[in-house]
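These notes concern the structure reproduced below.
The values are calculated or read from the model by the stated rules, or taken from the named source; none is laboratory data. Keep in mind it's a predicted model, so treat the numbers as computed, not measured. Here the Cβ positions follow ideal geometry from the backbone for every residue, glycine too, while neighbour counts run over all protein chains shown.
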């Protein structure tokens, strides 16, 4: 496997990621649909990808502006400005006013309230969404073995095979195309396919409804593939 090219930012990465996501500086409207672009490129090396990106990447806006190294530099400058002028003062205020009770309430809410909300949201996406689109499938909550790492939430039988589903809670403005799997998740999904024959699909949920609607066609294709499999 080729060595990683991604730079590590240590604990700074948490701040950089927070600010970048909060101020939408990595959206397709700013840097293009990068995962779609790299799949079109099919690079054989990092240099292939870098050169192809700057020759072909455009902002996903009406202006459809070609992205240059200067564009990314400007986004980096804007990121620094947002962190120093807005994020840092806000966080310093939080540190000054944070109480022990806030921490106690946060842990309780994370463990009890958000877990329940997530469970209800998952059931709504599956039983009010997927089950109505695919009435021939019987959806079941995954076994503890499959769900222990949160990678497969539901399974559905297709003949002698099974397909898996991970329900991912998202916000309305999330960049679904930009979602990337961790190495652990890739391994988990691969193991599922090897054992049960079908793929695992990530279904993005917004307010209990399917957000990445294009996944429906992918699921249809997989069902057909498994039904045709001998």
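What the table shows:
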quantity: Pair list, Cβ < 7 Å and 6+ apart or interchain, from the stretch 212-230 residues that are touching a residue at least 60 places away in the same chain (Cβ under 8 Å) and in the same structural domain as residue 196 (by TED's automatic domain parsing) to residues that are in a helix (DSSP H, G or I) and surrounded by fewer than 16 Cβ atoms within 10 Å (Cβ to Cβ); calculated: 216/133
quantity: Elements of type strands (runs of 3 or more DSSP E) contained in the stretch 130-209, each with 2 or more residues being touching a helix residue (DSSP H, G or I) at 6+ places or on another chain (Cβ under 7 Å) and modelled with pLDDT under 85; calculated: none
quantity: Residue 206 vs. criteria closer than 21 Å to residue 135 by Cβ and assigned by TED's automatic domain parsing to the domain that holds residue 122; calculated: no
